Every structure is written in structure tokens, then in C-alpha cells.
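Enquirer: Below you will find the structure I want to go over with you.
The values are calculated or read from the model by the stated rules, or taken from the named source; none is laboratory data. Keep in mind it's a predicted model, so treat the numbers as computed, not measured. Positions of Cβ are backbone-derived with ideal geometry, glycine not excepted, and every protein chain shown enters the neighbour counts. Only protein heavy atoms, including side chains, enter the accessible area calculation; ligands, DNA and RNA are left aside. Shrake-Rupley method; radii C 1.70, N 1.55, O 1.52, S 1.80 Å.
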Amino acid sequence: QVQVEESGGGSVQAGGSLSVSCTASGRAFSDYVMGWFRQVPGNDREFVAGITWNNVNLYSDSVKGRFTISRDNAKNTVHLQMNSLKPEDTANYYCALDQTASTIVRRAARYYDTWGRGTQVTVSS
């Protein structure tokens, strides 16, 4: 069984920085796309960023230039550094694994097979 678990997050004032990390267990994900999504109550789950096995990144327009995604395949870990945070970044952030061995990052949540429980990011104005 493949599992992913988020860590990090927290609360920060607007303009500050936070990071979230995701570690997989049960099976290595070095060949798979990893994605970050976020969700607030009443809203759809929103794509934030993704990274392929060979470090090709994709960001949503809302976070481009502020967030950086990276992965450490040896540790089965993906990291999302979030800078210049805005109140609208407040959400529960989920790590997701695409186990189909896609060569591209896909934005839709339906393409991802394994999800973490989420970690909260709160940005105050």
C-alpha cells in the first residue's frame, strides 16, 4: 500500500513564508508525478503545483513566482516552499501521487490516486 503524509504548514502573516512537505511510504514514487492541491470548505479542490519524476514543474497562475516545488527521490519526499503568502492562500494543503507514471503534471484532481490527510496553511491579513 502506498501512503503519503504531509508535514509543515502553520500560520503566518501576509507576506511571510511557510513550507509543506510530503513523504511517501510503502513504495517509492521516484518515477511518478507528485502534486499539491488545496481546499477550503465549500470550494473545489484546487491544483497548486506539481512535479514530474525528472523535475519538470507546473504551477497554477495564482502561485507562480511565489511557490517552489521540489522533490528528493532518495527520501521519497516532495517539498513546497511558499513565499509572499497571501490570505487567499489559506487552505488545507494536500499531497497527491499520480501512480499512472504520467510524463506530465496534470491539474485535475481526478488523475491522482493517493492522497494525504492534509495540512493547514493559514495566512492572516
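Enquirer: Filter the trypsin sites (Lys or Arg not before Pro) in the stretch 23-93 to those in DSSP coil with at most 11 other Cβ atoms within 10 Å of their Cβ, and list the result.
Expert: Details: sites: 27, 38, 45, 64, 66, 71, 75; in loops: 27, 45, 64, 66.
Answer by residue number: 64.
Enquirer: Report the full-extension gain for the segment residue 83 to residue 43: residue separation times 0.36 nm, less the Cα-Cα distance, to one decimal in nm. List each step's numbers first, then the result.
Expert: Values: separation 40, 0.36 × 40 = 14.40 nm, distance 2.31 nm.
Working it through step by step, the gained length comes to 12.1 nm.
Enquirer: OK, next. Highest mean first, what order results for 31-37, 87-93 on Cβ atoms within 10 Å?
Expert: On the way: 31-37: 24.4, 87-93: 18.0.
Those peptides, ordered most packed to least, come out 31-37, 87-93.
Enquirer: Follow-up. Counting pairs of alpha carbon atoms under 8 Å apart in space and at least six apart in sequence, what relative contact order in percent does the chain give? Please report the intermediate quantities before stating the final value.
Expert: Working: 318 pairs, mean separation 45.5, N = 125.
Relative contact order of the chain: 36 percent.
Enquirer: How much of the pair distance distribution for the chain lies past 26 Å, counting alpha-carbon pairs only, in percent? Kindly include the intermediate steps, with their values, before the conclusion.
Expert: On the way: 1007 of 7750 pairs.
Result: 13 percent of Cα pairs exceed 26 Å.
Enquirer: Also, I was wondering about something else. Residue separation times 0.36 nm, minus the C-alpha to C-alpha distance between residue 60 and residue 73: what's the value?
Expert: Working: separation 13, 0.36 × 13 = 4.68 nm, distance 2.30 nm.
Additional length available on full extension: 2.4 nm.
Enquirer: Here's something else I'd like to know. Excluding ligands, DNA and RNA, what is the solvent-accessible area per residue of the stretch 35-125 at a probe of 1.4 Å, expressed in Å²?
Expert: Details: 4500 Å² over 91 residues.
Here the per-residue accessible area is 50 Å².
Enquirer: Top to bottom by accessible area (1.4 Å), largest first, where do 103, 119 land? The partial results should precede the final answer.
Expert: Details: 103 105, 119 20 Å².
Ranked from most to least accessible, the order is 103, 119.
Enquirer: Roughly speaking, to the nearest percent, how much of the chain's 1.4 Å accessible area is carbon and sulfur? List each step's numbers first, then the result.
Expert: Working: 2770 of 6150 Å².
Solvent-exposed carbon and sulfur of the chain make up 45 percent of the total.
Enquirer: Okay, moving on. Using the crude model of +1 on Lys and Arg Cβ and -1 on Asp and Glu Cβ, and no other charge, please compute the dipole size for the stretch 2-125 relative to its Cα centre, in debye to 20.
Expert: Values: 12 positive and 11 negative charges, 15 e Å.
Its charge dipole is roughly 80 debye.
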